[in-house]
Amino acid sequence: MTAAMETLIQSLVNGVLTGSLYAMIGVGLTVIFGVMRIINLAHGEMVMLGMFSAYWSYTLWKIDSFLSAIVWVPLFFLAGMLAYRYLVRAIMPGGELNTLLYTAGMSLLIANVALFAWTGDYRTLNLPYAVEPLHPFGIAVPVPLAIAFGLAALITAALYVFLARTDTGRAVRATSQNPEAAALMGINVERIAMITFGLGTALAAAAGVLLVPSLYLYPTVGEILVVKCFVIVVLGGLGSIPGAIAGGILLGVIESFGAVYVSVAYKDTIGFIMFLLVLLFRPQGLFGAARS
Amino acid sequence: MLRVDNIEVAYGKIQALWGVSFEVRDGEIVALVGANGAGKTTTLKTVSALLRPSAGAILLDEQRLDCCTPVKVVEFGVIQVPEGRKLFPHMTLRENLLLGGYTRAARAERSKRLEHVFEIFPALRERQGQIAGTLSGGEQQMAAIGRGLMAGPRILMLDEPSLGLAPIMVEEMFRVVREINQRGVTILLVEQNTENALELAHRGYVLESGRVVLEGTGKELLANEKVREAYLGL
Ligand SMILES: Nc1ncnc2c1ncn2[C@@H]1O[C@H](COP(=O)(O)OP(=O)(O)OP(=O)(O)O)[C@@H](O)[C@H]1O
Ligand SMILES: [Mg+2]
């Protein structure tokens, strides 16, 4: 293999691995939007809280950060349902602009409380088994990112099975396609909205838990993540789950190529340039207007 | 028996129904006819508890429906097939039918009722895997009615099932409505196709600007001067 070829494959692999986690965050945002027509600007903070949860589990209680997902994901699911019931539901009739401003306010509040509680320090979490990267086929694969990718794929597949095969999953899709018709089927649309908000929150937090050994951790990390979310859902078409998965992986790859072939400093900028180009030329997303 | 008693319904400040009353007895086909904007859809939505009346009552036997949730109304067996089909367009026909039997009680009966639906609509059987949004208009209407039947309705409310269908399909649709009724389902049929609806129905009501202006048996209404002039163009 030539050196150029190796660099290409290496950055492609890095991009897909990181992209799988972006995809998970984007899917969370998109399922919530599909059912509730809320663009949750506090979604990035859910990722941040997931990261801190796993971080403290490791530093305070010596629980492996990946293992801690078993506890945190269900807890965030519950927290998301409660947040919907007591914080979000009341403002839903106010319309889309109101909910947008409201979730922006929540985002600021959560980030600032976190800043107050944990200071603005940058933290890293180093897992003992993650120092040496794996070298399959001469490509360096960071261990934490490989584990995160595997778990993200597993969680996304589980979500897919839930949505495709279970009655409640079908009800979630029905509600996002036509809430009034869903109500006529005897679907409790309120309950479905609550479950969906819980799911979206759990996905964001799970991504945070999986990302923490691979990213710097600080209370305002959610800001950049929520912007990435926008890029993802615009790439994939807002409301489409396959679109969000494809958009997430695509963004990961674009950033990774950008970092290698342009400059690390412009990694994020390149993603946003893509975002603007897509908005200008294909506002329905790269993969058509399909919603599912 | 379903009894709608003097209901008043408004969208914000605009009142759409003014003291509407009618009843649907067990085993009947009752037609609710009227021009565009008369309030037919509003009436069905109110029975389904998607809208709340500001006055009046809706009763299923002794049970009040007007203070229930839409879910409860479905659980009582009062099922609506909405205007314009309202299938879940990105799901398969089969998934749409399964969603029709979503309630806990209906789930146990699903495979039996699927068979029943395919007996009534044989054309749907081979199309189970097709995405609902790609079905033809006629197939979509059959699918929508089939989805309603999956709930095991006591009373099936159909909102303009013949809308947008070719004449031959319209006839087929009315034939199917009769067949469903003969299998023991009470029917409340909303139609603009006044002639066909009144010919089929045991009794009918004429709705005009949110008020019931005429009622009688199907035959009586068909013979009525005013109906002939205003709705049949005779
Ligand atoms: N969502 C709404 N907001 C405000 N007004 C409405 C709404 N839906 C219906 N209306 C009004 O209520 C009245 C009755 O409408 P409705 O849809 O019940 O009529 P319809 O008899 O079903 O007519 P069509 O045969 O055209 O379906 C109309 O004047 C309509 O403009
Ligand atoms: Mg109507």
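Among the candidates B:V47, B:V20, B:V73, which residue alone is crowded, with 19+ Cβ neighbours inside 10 Å and over 16 Å from the mean Cα position of the chain (by Cα)? Residue meeting the stated conditions: B:V20. Taking segment A:159-172 as the range and being within 17 Å of A:M36 (Cβ to Cβ), at the interface with chain B (Cβ under 10 Å from one of its Cβ atoms) and surrounded by fewer than 24 Cβ atoms within 10 Å (Cβ to Cβ) as the test, only A:T168 passes.
If B:G56 satisfies all but one of (1) within 14 Å of chain A (Cβ to nearest Cβ); (2) part of a strand (DSSP E or B), what's the number of the condition it fails? The number of the failed condition is (1). Test A:A244 against the criterion of being buried (at least 20 other Cβ atoms within 10 Å of the Cβ) and either more than 16 Å from the chain's Cα centre (by Cα) or at pLDDT 85 or above (or both), and give yes or no. Considered against the rule, which asks whether it is buried (at least 20 other Cβ atoms within 10 Å of the Cβ) and either more than 16 Å from the chain's Cα centre (by Cα) or at pLDDT 85 or above (or both), A:A244 comes out as yes. Looking across segment B:12-36, the residues that are in contact with a Leu (Cβ under 8 Å, 6 or more places away or on another chain), within 16 Å of ligand 1 (Cβ to nearest atom) and not small (G, A, S) come down to B:V20, B:F22, B:V30, B:L32, B:V33. A Cβ distance below 8 Å, combined with a sequence gap of six or more or placement on separate chains, defines the contacts here; from segment B:165-194, residues that are within 17 Å of B:H116 (Cα to Cα) reach residues that are within 16 Å of ligand 2 (Cβ to nearest atom) in the pairs B:M173/B:Q141; B:M173/B:P161; B:M173/B:S162; B:M173/B:L165; B:V177/B:L158; B:V177/B:P161; B:V177/B:L189. Only a single item in (1) within 16 Å of ligand 2 (Cβ to nearest atom); (2) surrounded by 14 or more Cβ atoms within 10 Å (Cβ to Cβ) is not met by B:I14, and it is number (2). All conditions in (1) more than 30 Å from A:F116 (Cβ to Cβ); (2) among the hydrophobic types (A, V, I, L, M, F, W, C); (3) touching a residue at least 60 places away in the same chain (Cβ under 8 Å) hold for A:A4, with the sole exception of (3).
Test B:A123 against the stated conditions and say whether it is over 23 Å from B:E160 (Cβ atoms) and either small (G, A, S) or modelled with pLDDT under 95 (or both). For B:A123, the condition - over 23 Å from B:E160 (Cβ atoms) and either small (G, A, S) or modelled with pLDDT under 95 (or both) - is not met. Determine if segment B:37-51 includes at least one residue that is within 13 Å of another protein chain (Cβ to nearest Cβ), among the hydrophobic types (A, V, I, L, M, F, W, C) and either more than 13 Å from ligand 1 (Cβ to nearest atom) or touching a Lys or Arg at 6+ places or on another chain (Cβ under 7 Å) (or both). Scanning segment B:37-51, I find at least one residue that is within 13 Å of another protein chain (Cβ to nearest Cβ), among the hydrophobic types (A, V, I, L, M, F, W, C) and either more than 13 Å from ligand 1 (Cβ to nearest atom) or touching a Lys or Arg at 6+ places or on another chain (Cβ under 7 Å) (or both), so the answer is yes. Against the definition (under 19 Å from A:A182 (Cα atoms), within 16 Å of ligand 1 (Cβ to nearest atom) and free of Cβ contacts under 8 Å to residues at least 60 places away in the same chain), how does B:L99 come out, yes or no? No; evaluated as a whole, the condition is false for this residue.
A quick yes/no check of all residues on (1) more than 16 Å from ligand 2 (Cβ to nearest atom); (2) in contact (Cβ under 8 Å) with a residue 40 or more places away in the chain:
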{"residue": "B:K40", "(1), (2)": "no, yes"}
{"residue": "B:T43", "(1), (2)": "no, yes"}
{"residue": "B:P53", "(1), (2)": "yes, yes"}
{"residue": "B:D61", "(1), (2)": "yes, yes"}
{"residue": "B:G84", "(1), (2)": "no, yes"}
{"residue": "B:R104", "(1), (2)": "yes, no"}
{"residue": "B:R110", "(1), (2)": "yes, yes"}
{"residue": "B:E119", "(1), (2)": "yes, no"}
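When you scan segment B:76-90, do you find a residue that is of a type in the set (G, A, S) and more than 17 Å from A:D167 (Cα to Cα), even just one? Spell out the reasoning first.
Narrowing segment B:76-90 to residues of a type in the set (G, A, S): B:77, B:84.
Going one step further and asking which of them are more than 17 Å from A:D167 (Cα to Cα), we end up with B:77, B:84.
Yes; the residues of segment B:76-90 include at least one that is of a type in the set (G, A, S) and more than 17 Å from A:D167 (Cα to Cα).
For segment B:1-43, the set of residues classified as outside any helix (DSSP H, G or I) and basic (K, R) consists of B:R3, B:K13, B:R25, listed by residue number.
Residue-wise test of (1) modelled with pLDDT under 95; (2) more than 16 Å from A:A182 (Cα to Cα); (3) in contact with a strand residue (DSSP E or B) (Cβ under 8 Å, 6 or more places away or on another chain).
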{"position": "B:D5", "(1), (2), (3)": "no, yes, yes"}
{"position": "B:L17", "(1), (2), (3)": "no, yes, yes"}
{"position": "B:A57", "(1), (2), (3)": "no, yes, yes"}
{"position": "B:V71", "(1), (2), (3)": "no, no, no"}
{"position": "B:V74", "(1), (2), (3)": "no, no, no"}
{"position": "B:P82", "(1), (2), (3)": "no, no, yes"}
{"position": "B:H90", "(1), (2), (3)": "yes, no, yes"}
{"position": "B:R94", "(1), (2), (3)": "no, no, no"}
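You will find that of B:E215, B:E191, B:E208, B:E160, the residue that is within 16 Å of ligand 2 (Cβ to nearest atom), over 26 Å from A:M185 (Cβ atoms), surrounded by 15 or more Cβ atoms within 10 Å (Cβ to Cβ) and away from every other protein chain (no Cβ under 14 Å) is B:E208 and no other. Across segment B:83-97, the qualifying residues are those that are more than 7 Å from chain A (Cβ to nearest Cβ) and crowded, with 19+ Cβ neighbours inside 10 Å, and the one among them that is farthest from the chain's Cα centre (by Cα) is B:L93.
All conditions but one from (1) more than 10 Å from chain A (Cβ to nearest Cβ); (2) surrounded by fewer than 22 Cβ atoms within 10 Å (Cβ to Cβ); (3) farther than 24 Å from B:T134 by Cα apply to B:R104; the one that does not is (1). Note on segment B:66-82: residues that are more than 14 Å from chain A (Cβ to nearest Cβ) and closer than 21 Å to B:L189 by Cα total 1.
In summary, B:R154 fulfils each of the numbered conditions (1) surrounded by fewer than 19 Cβ atoms within 10 Å (Cβ to Cβ); (2) farther than 24 Å from B:G204 by Cβ; (3) touching a Phe, Trp or Tyr at 6+ places or on another chain (Cβ under 9 Å) with the single exception of condition (2). Cβ separations smaller than 9 Å between residues 6+ apart or across chains give the following pairs from segment A:181-193 residues that are more than 7 Å from every other protein chain (Cβ to nearest Cβ) to residues that are assigned to a loop (DSSP other than H, G, I, E, B) and among the hydrophobic types (A, V, I, L, M, F, W, C): A:A182/B:F88.
The values are calculated or read from the model by the stated rules, or taken from the named source; none is laboratory data. A quick note: this is a predicted structure, and the numbers were derived from the prediction, not measured. Neighbour counts are summed over all protein chains in view; Cβ atoms, including those assigned to glycine, are modelled from backbone coordinates with ideal geometry.
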